Structure formats: structure tokens, C-alpha cells
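Student: Supplied in C-alpha cells, the structure appears directly below.
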């Protein structure tokens, strides 16, 4: 009902604006120029407006960069994160350079070559040299970016099995995450949605010997400076495992297993003491105090970066990066899959 009323109000406002424009037309003096063809004064005004808009656009852009830099992510907390950030920085600098040059020329030419009485536009059929220049430069630039990006992507996605990475399954469902650690054998047991029954919410194969020492948890703990290989499964729809502070993301697709890995390099406690994070937490807590809310403390989170349904915003899991000793102590406290099933 509310949407219907909003539509009616907007329609009435449109009709009102149209009627007001008619009144202005009727109120013009008889000798007023009512021609729809632009004259010199119109062209002059439009040219100046184009230049004014260019100035406004650049001022707004630099203002946004200056004002909102403090809401960006801090330094990456993973081994590959620096390479990812460098690729993003190079891409953005190139895009900004091209944008500044082309937009400046666009608005300047709109002003310089504005219509004037008696001035005739020059018909310029083609120029092979110019066309070659503005074709070959983007080709070389894009080829360089693509090749650099491919090397970066390959380096990020290549998990060296010889380093004995920690194997963790991330299981997505509307609207939560569940993690399954591979246990002492570092090999995940087989799983299939057809095996989901009772407390076996991940569909782990009870008959698989590799599954007996797996550990299913709702909070993700990772040892610092140790490679982690994530195996991703979805129970229902397309999700996306997103670790913003680790610069990692991978789609979670129903019916198949996707994977990626990274090595966390900054513990949760170390990140809490990062200057950018300290400032950000203070700003957030100032707002929360004004609203009467509890104080906020920084934590890493695994998020879903696909709009996977109505409660998509709830799909997050806390991630704790800690020392190897603290991780081992926490893991030892978790019940194995075999123990959980024997209690049924």
C-alpha cells in the first residue's frame, strides 16, 4: 500500500511540474524567442556550464578522496594481500589518469567548439595515424594489465601442497557458515547433501574413516603464518566466501567443490592495535555511544558477498587469527565428528 501511495504522489508531482512549465510558457512576452533552435546565447551558456561541471566534477572527486580515505581497508593481513593491493593500485591509477585526461578534453572541446553563427564544422573524414595511436595505446595497456593480473592470480591461487597447508571446509547455507577441520590426518572425509540427517548438518559420510577425526565448528580459528587451503561447498544457492582483510574471495557453488587458499600474517590482536583500525573503532564507538549501543571491538569476519536471500546480511562467521600454540589448544577442545555421532 505504501509503495502504491508513493507512486501516486510521484505521478502527481510530475503532473504539477508539467503544468507549471505550461504556465511559464504562457507568461512569456509576445516578442520572446520561442524557437526550439539553439542560438548563440544558448550555445555560450551550455559551453560555460560544461566547463563549470568539469570543475565541479574534479573538486568533488578530490574531496571524496580526501574525506573518505579513512574508511578504506587497512593493510592486507595475508601473504598475498600486498600483491593484490598493488594490482588494484596500478589499475586505479591508470583508470584515474585516463578519466582525468578524457573528461577534461571532453568538457574543454564542448566549450571551445560550441556553436556560433556563421561558423561551419570541419568535415574530417579520418586520420590513420591518430586512429592507430588511440587504438594501440589501450591495447598495450590492457595487455600489460591482463598479463600482470594473470601472473598475480596464478601466484595467489597456487597452493603448494608440499607446505602441508591446513585443510578447512567452509560450508554455506542460507544463512550461515559452518567450518570443518580435517583433523589430525589433515584429510577431509567425504560429504554429500544426501547424507544430511539429524545433527549431521553437513552431510559428512559416517562410513568414511577420514571423517572420524574431522571437527565441525561455528567459529573459524586460523594459525598465523601457516598456509590454509579452503574447500567450499554450498547446500542451497550460490554464495561467495569473502575475507575482506585477507583480500580473498571465491564463489561457493551448489553441486561442486571450489577452493582457494591464503596464509594469514597478522593476528587478530595485532590488527586491533593497527593505527587505522584503532581510529576506525573509535569513530564507530562514538556513534554507538550516541545511540546507546554497546562498544564495538574489531574482529575478522567471513562474509557472503552474494545477495543470497532475504537474510543475506546475517551470513557471517567470526575469524580468529592466533599463534600456533593458541590454535592447537583451541582445536584440542573441539569434539571430533566421530565423537559427535556416537553421542546420538
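Student: If a residue has to be under 20 Å from residue 265 (Cα atoms) and either touching a residue at least 12 places away in the same chain (Cβ under 8 Å) or part of a strand (DSSP E or B) (or both) to count, how many in the range 298-325 make the cut?
Tutor: Taking the range 298-325 first, the residues under 20 Å from residue 265 (Cα atoms) are 298-303, 317-325.
Subsequent filtering for residues that are either touching a residue at least 12 places away in the same chain (Cβ under 8 Å) or part of a strand (DSSP E or B) (or both) retains 298-303, 317-324.
So the count comes out to 14.
Student: On the basis of being under 20 Å from residue 325 (Cβ atoms) and without any contact (Cβ under 8 Å) to a residue 60 or more places away in the chain, does residue 182 make the cut? Talk me through it step by step, then tell me what you get.
Tutor: Working: under 20 Å from residue 325 (Cβ atoms): yes; without any contact (Cβ under 8 Å) to a residue 60 or more places away in the chain: yes.
So residue 182 fits the description; yes.
Student: Are any of the residues in the range 119-127 surrounded by 10 or more Cβ atoms within 10 Å (Cβ to Cβ) and either touching a strand residue (DSSP E or B) at 6+ places or on another chain (Cβ under 8 Å) or in a helix (DSSP H, G or I) (or both)?
Tutor: The answer is no; no qualifying residue exists.
Student: What's the number of the only condition in (1) surrounded by 13 or more Cβ atoms within 10 Å (Cβ to Cβ); (2) in contact (Cβ under 8 Å) with a residue 12 or more places away in the chain; (3) not in a loop (DSSP other than H, G, I, E, B) that residue 270 fails to meet?
Tutor: (2)
Student: Also, quick follow-up: In the range 284-297, which residues are part of a helix (DSSP H, G or I) and touching a residue at least 12 places away in the same chain (Cβ under 8 Å)?
Tutor: Kept after step one, since they are part of a helix (DSSP H, G or I), are these residues of the range 284-297: 284-290.
284, the sole residue that qualifies.
Student: Identify the single condition in (1) farther than 23 Å from residue 228 by Cα; (2) surrounded by 12 or more Cβ atoms within 10 Å (Cβ to Cβ) that residue 311 does not satisfy, given that it satisfies every other one.
Tutor: (2)
Student: Only residues that are under 28 Å from residue 104 (Cα atoms) and surrounded by 16 or more Cβ atoms within 10 Å (Cβ to Cβ): list them for the range 52-86, please.
Tutor: The one that is under 28 Å from residue 104 (Cα atoms) and surrounded by 16 or more Cβ atoms within 10 Å (Cβ to Cβ): 54.
Student: Have a look at 15, 55, 71 and point out the one that is modelled with pLDDT of 80 or more and closer than 30 Å to residue 148 by Cβ.
Tutor: Values: 15 fails: closer than 30 Å to residue 148 by Cβ; 55 fails: closer than 30 Å to residue 148 by Cβ.
Testing whether each residue is modelled with pLDDT of 80 or more and closer than 30 Å to residue 148 by Cβ leaves just 71.
Student: What are the residues in the range 128-176 that are assigned to a helix (DSSP H, G or I), in contact (Cβ under 8 Å) with a residue 60 or more places away in the chain and farther than 23 Å from residue 331 by Cα, if any?
Tutor: 148, 149, 152, 155, 156, 157
Student: For residue 280, which of the numbered conditions (1) within 26 Å of residue 327 (Cα to Cα); (2) surrounded by 15 or more Cβ atoms within 10 Å (Cβ to Cβ); (3) touching a residue at least 24 places away in the same chain (Cβ under 8 Å) fails to hold?
Tutor: Looking at each condition in turn, residue 280 falls short on (1).
Student: Right, something else. Of the conditions (1) at pLDDT 90 or above; (2) touching a helix residue (DSSP H, G or I) at 6+ places or on another chain (Cβ under 6 Å); (3) exposed (fewer than 14 other Cβ atoms within 10 Å of the Cβ), residue 295 fails just one. Which one is it?
Tutor: Just one mismatch for residue 295, condition (1).
Student: Follow-up. For the range 217-237, name all the residues that are assigned to a loop (DSSP other than H, G, I, E, B) and within 13 Å of residue 264 (Cα to Cα). Steps first, please.
Tutor: Step one: filter the range 217-237 for residues assigned to a loop (DSSP other than H, G, I, E, B), giving 218-219, 224-227, 235-237.
Hits for the range 217-237 are 224, 225, 226, 227.
Student: Now a separate question. Got a number for residues in the range 87-98 being surrounded by fewer than 13 Cβ atoms within 10 Å (Cβ to Cβ) and either in contact with a helix residue (DSSP H, G or I) (Cβ under 9 Å, 6 or more places away or on another chain) or assigned to a loop (DSSP other than H, G, I, E, B) (or both)?
Tutor: Adding up the residues that qualify gives 1.
The values are calculated or read from the model by the stated rules, or taken from the named source; none is laboratory data. Computed from a predicted model, the values in this text were never measured in an experiment. Note: ideal-geometry Cβ built from the backbone for every residue, glycine included; neighbour counts use all protein chains shown.
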